[in-house]
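Take a look at the structure below.
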2 protein chains.
Amino acid sequence: MIPLDTLTISELARGIRSGVVSAVAAVEACLARIDGVEPAVRAWVHVDAAGALGAAKALDADARRGVFRGLLHGIPVGLKDIFDATGMTTTSGAPSFAHRHPGADSDAMARLRAAGAVLIGKTTTTEFAYADSTVTRNPWNLEHTPGGSSSGSAAAVAARMIPFALGSQTIGSTLRPAAYCGIVGLKATHGLISADGVTPLAWSLDHVGIFTRSVDDAAIVLSVLAGSMPAGSGGGTPLARPPRLGIPRALFAGTAGRDVQAHLDAVAAMFSGAGAIVEDVAAPPSAAVLHDAGQVVLRGDAAAYHAAQFAAHADGYRPKIRGLVEAGLKTPAVDYVNAQRIRSQFKREMQPIFAQWDALLMPVAPTTAPRGFETTGDPSLCAPWSYGGFPSISLPSGLAGDRLPLAVQLGAGAGAEDRLLGVARWCEGRLAFAGAPPL
Amino acid sequence: MIPLDTLTISELARGIRSGVVSAVAAVEACLARIDGVEPAVRAWVHVDAAGALGAAKALDADARRGVFRGLLHGIPVGLKDIFDATGMTTTSGAPSFAHRHPGADSDAMARLRAAGAVLIGKTTTTEFAYADSTVTRNPWNLEHTPGGSSSGSAAAVAARMIPFALGSQTIGSTLRPAAYCGIVGLKATHGLISADGVTPLAWSLDHVGIFTRSVDDAAIVLSVLAGSMPAGSGGGTPLARPPRLGIPRALFAGTAGRDVQAHLDAVAAMFSGAGAIVEDVAAPPSAAVLHDAGQVVLRGDAAAYHAAQFAAHADGYRPKIRGLVEAGLKTPAVDYVNAQRIRSQFKREMQPIFAQWDALLMPVAPTTAPRGFETTGDPSLCAPWSYGGFPSISLPSGLAGDRLPLAVQLGAGAGAEDRLLGVARWCEGRLAFAGAPPL
């Protein structure tokens, strides 16, 4: 029997297209795996077994007539519960006062559906996609956080409950949980994937995020979701030669743990040995003030979105998002404008750096997934990529002494997704990470 | 003798290129005209006769060797005194505490110089390009305002002291004075022309503005200044058929005076008679709240730029700019974010409207140039184009009963400069405005 729940999108899509596997069988495999591991992992807010099986049956009927809807025909997907999907409540992690019953799909879900994806259900999100933990556990070690805010999407893909899921990243909410959970996490250039129909945290910084178990899969999903890319393109053109990789050490040297830095150096040395050019690069002047500026933008945008709801339900807000909104309500416009100016400066100053390298290489998080659930972990190493709106991807790169996944982050300039994915595919081949969580 | 001071850029450039006219003769003609009318008009902060003649001599020497620097070889220009030009003080209209001695040209001036333009000097600007009047008079009637904030640039071009000038438009600071002074005023899509080296009023809204006496000339200057357009392009492709023009009556019906609305209707009827399709179009929902939103963005950006200088020199600020900065310093970030969201909504909502029309047609200002100098006039009809960042152009369209110029405004979607200029050229041909101020 084919281990359907461990297949990648590309493997599963090939099987469905050739008739070896049905969409119904794929969905059933996912549901069976969910039955087995969900009680421990708790990645889902809602699983719509009947809806998913019904959709899969219709897709199988199409397939028998030779009709395939798109690149994701019959592929199961999980959706972070800040994305609208017709017929499912969107809770945004605050079901008691902030749920909505959308009449239409979010743009991203509409694109997935049009490409043939089958929605399995909604995955957990921290409240309003900020920093207050969910109930979700890390599949590699149930006593550790899976990261956040896209906790359920990362854990569900890592635990082989679904081949891919969508999340979001405002600061580090996609790449960090992907890293903690040993899977691939990708966010594209800000604005390339529509966030319409997704509960905002901070409009200036919100990105749709993609969780998969391979770079190829991430490229497929990106090509379906990206507004301005024709479906099927954007797959990451294979590199003609090993990549030139810059290490912007100033962006993580003061933050990343010693083990994580040693691991990055080992990975860099291994890439060098395989022919890559790997050198340290200086960070631009604005990098020193970027984090504070990004936080000002975050709280200003978040307070603007939440102001009315917060006035009515302040007591219902969990502590971290509550503190963020309160700080945002007190922020002067002048601080916000200055912060946005620093972001613009950073974008400008990074351009000549991006022009010299195929991608920049750095850790995704200062440590492996922290123990406990007080925190979803430190997003600060993902933050420059979110504040700049630049595409970035997290690749699993090994296991630490604690048997939790390690990861490396690759980033490139705005609009350079194709090159970034080409580099990521090269790096993925060298890393050859094949671990799976002990579930 | 050739009346050099009344020639357009294209006429003068042809003359210089063919050797009929020299750059020195062109500069001398401008200087003579300045000698004659500047005491009455007061358009200049500084005229650099020696520098201009020296530059013109060098250009003539080049021309004799068959070397032409670019489209503006030997063409005199005036620069609003918020633009940096090497060797000249930039006062920004507040010489007592805000002047600077720039070490480099603003990006726009550098492009003009590289194309062969000869800088005659700096023209008056309201203090920090806001609403406190300058000393400049309207050449059509010296008891009336020329408009602002680009008062000197508009008046100098209208009074035939120079063939073209640069100004800026944050709300209505280019098209309004162009309309009041009976000349052509153009601003391009926000960001298309670099504003680096120009004193900001509000980064989100600041546009470089172009003052000329014909649409052809505006197109030439735009092609020199626009970052992403190859020099010589962007000239406004001639229309294959009369244009389709939409009149967004809701944007001006409550504001424009009866005479101005009657004039617009007469112009529209004349265009219709010449084959144009002219119909009323509805304004989108966001238009109703756009003006308030734009004002919030204006004051937030202005306060962020001025905060430090204002703390040291508050008493030196004139009343209107002072009030603006004070209001901006008190504005919460949440209001600013909401205001920017409304601007984004307006941009989105205008797209389907722009898609249906070659351009939109409306008045530039509610009245002709007001009498006196208490106000620089009402910019609110220019404001939607500035808030949306859309290209717009003002064309002189007749004289009112008071012998002051009337004008019509054409606007199009972001990036549609070529089409807008094509429409403007067609309209200019039908309007056939040939008036000149009685100086």
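We did not get these values from a lab; they are worked out from the coordinates using the rules stated. Predicted model, so just to flag it, every value in this text is computed and none were measured. Using ideal geometry, Cβ is built from the backbone for each residue, glycine included, and neighbour counts are taken over all protein chains shown.
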Listed residue pairs exceeding 32 Å between alpha carbons, taken from A:Lys320/B:Lys320; A:Lys80/B:Lys187; A:Lys80/B:Lys330; B:Lys80/B:Lys347; A:Lys80/A:Lys330
A:Lys320/B:Lys320; A:Lys80/B:Lys187; A:Lys80/B:Lys330
For B:Asp35, inter-copy label distances in nm, listed shortest first [label point 7 Å out on the Cα-Cβ vector]:
10.0
Would you mind calculating the relative contact order of segment B:1-137 from Cα pairs under 8 angstrom and at least 6 residues apart, reporting the percent as a whole number?
28
Sticking with the crude label model, points 7 Å out along Cα→Cβ, report the distance from A:Ser96 to A:Gln351 in nm, one decimal please.
4.9
Extension length gain for A:Thr375 and A:His46 (0.36 nm per residue less Cα distance), in nm, is 116.1 nm
Amide hydrogen neighbours beyond the local backbone of B:Trp44, cut-off 5 Å, H modeled
B:Thr124
Total formal charge among the other residues, if their Cβ is under 13 angstrom from that of A:Ser194, Lys/Arg +1 and Asp/Glu -1:
-3
Which ³J(HN,Hα) values in Hz, rounded to whole numbers, follow from the phi angles of segment B:67-75 under the Karplus curve 6.51 cos²θ - 1.76 cosθ + 1.60, where θ = phi - 60° and Gly and Pro get x?
9, 10, 6, x, 5, 10, 4, x, 8
How are the C-alpha pair distances of chain A spread across 10 Å bins, as whole percents from the shortest bin up?
5, 23, 34, 26, 10, 1, 0
Leaving out same-chain residues fewer than 8 places away, which aspartates and glutamates sit with a Cα under 15 Å from that of B:Lys57?
B:Glu28, B:Asp48
Just to check, using Stokes-Einstein with a Kirkwood Rh over alpha carbon pairs, what's the diffusion coefficient of segment B:295-337 at 25 °C and 0.890 mPa s in µm²/s?
241
Spelling it out for A:His207: with amide H atoms placed in the peptide plane at 1.01 Å from N, the residues 5 or more places away or on another chain with amide H under 5 Å from its amide H are A:Gln169, A:Thr170
Name the residue, out of A:Ala219, A:Ala311, A:Ala98, whose mean-square fluctuation peaks in a Gaussian network model built on chain A with Cα pairs under 10 Å.
A:Ala311
In whole Å, what are the extents of the protein assembly as shown along the principal axes defined by its C-alpha atoms, from largest to smallest?
96, 54, 53
Using the Cβ atoms and a cut-off under 15 Å, what net charge is assigned to the surroundings of B:Asp107, where Lys and Arg are +1 and Asp and Glu are -1?
0
Cα gyration tensor shape of segment A:1-155, rounded if a/c is under 1.5, else prolate or oblate by comparing a/b with b/c
oblate
Here the correct list, in nm and shortest first, of distances from B:Arg258 to the same site in the other copies, label points 7 Å along Cα→Cβ, is 8.6
Inter-copy spacing of B:Thr237 label points, which lie 7 Å from Cα along Cα→Cβ, given in nm from shortest upward
2.7
Can you list the HN-Hα couplings for segment A:136-148, worked out from phi with the Karplus curve (6.51, -1.76, 1.60; θ = phi - 60°), rounded to whole Hz and with x for Gly and Pro?
6, 9, 7, x, 7, 6, 5, 8, 10, 5, x, x, x
Taking amide H positions as placed 1.01 Å from N in the peptide plane, with prolines and chain starts having none, which residues 5 or more places from A:Leu7, or on another chain, fall under 5 Å of its amide H?
none
Count the net charge of all other residues whose Cβ sits under 14 Å from the Cβ of A:Tyr336, scoring Lys and Arg as +1 and Asp and Glu as -1.
+2
Label point 7 Å out from B:Ala274 along Cα-to-Cβ: which residues of segment B:369-408 have amide N under 20 Å?
B:392-400, B:405-408
Taking every DSSP bridge whose two residues both lie in the protein assembly as shown, the antiparallel percent to the nearest 5 is 70
What percent does the relative contact order of segment B:295-337 come to when contacts are Cα pairs within less than 8 Å and at least six residues apart?
60
Just grab the label-to-label distance for B:Val289 and B:Leu439, each label 7 Å out from Cα along the Cβ direction, in nm (one decimal).
4.5
Restricting attention to the alpha-carbon atoms of segment B:92-216, what are Rg (one decimal) and Dmax (integer), both in Å?
13.6, 39
State, to one decimal in nm, how far the label point of B:Ala311 lies from the label point of B:Arg64, with both points 7 Å from Cα in the Cβ direction.
5.7
With an 8 Å cut-off on Cα pairs and a minimum separation of 6 or more residues, tell me the relative contact order of chain B in percent.
18
